[in-house]
Amino acid sequence: MSVSKLNLRRVVNASGKMSILGVSTLSDEVVEAIKEGAQRYYEMEELHHKAGQYIAEQLKTEGALITNSASSAIALAIAGLITKGDSYFVEHLYEINQSLHREVLIMMGHLINYGAPISTMIQLGGGEVKSVGYANGCTMNQIEAAITNRTVAIVYVQSHHTVQKSMPPLKEISSLAQKHNIPLIVDAAAETNIMVYSNYADLIIWSGSKALEGPTSGILAGKKNYVDFARMHNQGIGRAMKIGKESIFGLLQAIDQYNWQEISKEQQLERLSHFECLNDLNGITVSIHQDESKREIYRARILVDEKSVSTPATHIVKALKEGEIAIYTRDYHANNGYFEIDPRTIDDQDIPLIINKFKETLEARSPIITDEDFT
């Protein structure tokens, strides 16, 4: 089928590597690897085993398992730690049984929704979510006090989505987990390099389609026994999450060509400098900000003075998505009067298009939209 038959709108992605926009675009080499994998037959168990071994070697971990997404890697990791290699419970994961410990600790500030609640993924794996601390802070004492003999894991989410202030660092949580012999899972789905977490985590989760720019997929890597526990659930809940041979080959190629870093700071700033012309517009202020989690990612923040412009930021981001070309910005804070431009997912030819449509939106000077217009 030709893409043109679907009559899809063109999308300019100034938001970043977001699942709602298909995450990443694929290189010709990755597409060719997908084609190669798709047009042949393999013994899938052998393919999974050898592909996992290869990824573990690349990531310098004891073991690795390819999943169909980072979300499924969370569920499989939890399921594995609950059943601990017991084949009966792999097939009866949700059976009420007092011998199965299911308690999973996670800081309240890490209970995020990244397109789906992380709590749902933990529960999908059979876990019972036990939140610790509060949305505006957590202490090591609170985490340690929450540990019981039924605790099977601690989940730490490395993401800009989480609360950054007043949260204990990963290093301290890792030490606590080791002290109590509790597996620590680090969800680093969107990070550029998960190897930096191998000294702290027992299991690490990585998206294959974000920083890696591979096909829709995920990676669960870490201690071999814990990975093997999770692997057993490919004959359980993992059956509903299986990944195809074509995606496995595409992911392997993406890892082979990955250079372990985003586009440079200098490249990002050069691309963002073009948006400084918007400072000439009445009521608009453009400034450059680093990612909230202090990754080497920089974005242009466009602050809208509603009194001067008479058009709120929520209206602007909505208007940018309308028309023949949909422009998606990073609009988590539009209700606070600003939105951001992520330079990593735009091409040079997209820049004037974004600027011109932004100016057109302001010139239209539409009346202020109330909350009722979004219900």
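General remarks:
- Filtered by the rule that a residue be at pLDDT 90 or above and within 13 Å of the chain's Cα centre (by Cα), the range 205-221 gives Ile205, Trp206, Ser207, Gly208, Ser209, Lys210, Leu212, Glu213, Thr216, Ser217, Gly218, Ile219.
- Condition check for Ala77: under 21 Å from the mean Cα position of the chain (by Cα), at pLDDT 95 or above and among the small types (Gly, Ala, Ser): yes
- Hey, Ala201 among the aliphatic types (A, V, I, L, M) and outside any strand (DSSP E or B) or not: yes
- Qualifying residue in the range 243-250 (condition: without any contact (Cβ under 8 Å) to a residue 12 or more places away in the chain and either under 22 Å from Gly22 (Cα atoms) or not basic (Lys, Arg) (or both)): no
- Any hit, the range 56-64, residues being under 25 Å from the mean Cα position of the chain (by Cα), over 23 Å from Val196 (Cα atoms) and either hydrophobic (A, V, I, L, M, F, W, C) or open to solvent by less than 20 Å² (accessible area, probe 1.4 Å) (or both): no
- Hits in the range 123-133 - residues which are open to solvent by less than 30 Å² (accessible area, probe 1.4 Å) and within 21 Å of the chain's Cα centre (by Cα): Gly125, Gly127
- When the residues of the range 315-332 are filtered to those that are in contact (Cβ under 8 Å) with a residue 12 or more places away in the chain, under 26 Å from the mean Cα position of the chain (by Cα) and open to solvent by 40 Å² or more (accessible area, probe 1.4 Å), the one that is nearest to Arg9 (Cα to Cα) is Ile325.
- The criterion of being touching a Phe, Trp or Tyr at 6+ places or on another chain (Cβ under 9 Å), closer than 17 Å to Glu296 by Cβ and crowded, with 19+ Cβ neighbours inside 10 Å does not hold for Ile204.
- Filter result (open to solvent by 20 Å² or more (accessible area, probe 1.4 Å) and in contact (Cβ under 8 Å) with a residue 12 or more places away in the chain) within the range 134-150: Tyr134, Ala135, Asn136, Thr139, Met140, Glu144, Ile147, Thr148, Asn149, Arg150
- Filtered residues of the range 1-47 (kept if assigned to a helix (DSSP H, G or I), modelled with pLDDT under 90 and over 25 Å from the mean Cα position of the chain (by Cα)): Val3, Ser4, Lys5, Leu6
- Flag if Glu43 is in contact with a helix residue (DSSP H, G or I) (Cβ under 8 Å, 6 or more places away or on another chain) and open to solvent by 80 Å² or more (accessible area, probe 1.4 Å): no
- Selected residue [of a type outside the set (Phe, Trp, Tyr), open to solvent by 30 Å² or more (accessible area, probe 1.4 Å) and touching a helix residue (DSSP H, G or I) at 6+ places or on another chain (Cβ under 7 Å)] from Gln290, Gln268, Gln257: Gln257
- Residues that are within 23 Å of Ala221 (Cβ to Cβ) and of a type in the set (Ser, Thr, Tyr) do not occur anywhere in the range 1-18.
The values are calculated or read from the model by the stated rules, or taken from the named source; none is laboratory data. Remember, predicted model here, so these are calculated numbers, not experimental data. All Cβ positions, glycine included, derive from the backbone under ideal geometry; neighbour counts span all protein chains shown. Calculation scope for accessible area: heavy atoms of the full protein, side chains included, ligands and nucleic acids excluded. Shrake-Rupley method; radii C 1.70, N 1.55, O 1.52, S 1.80 Å.
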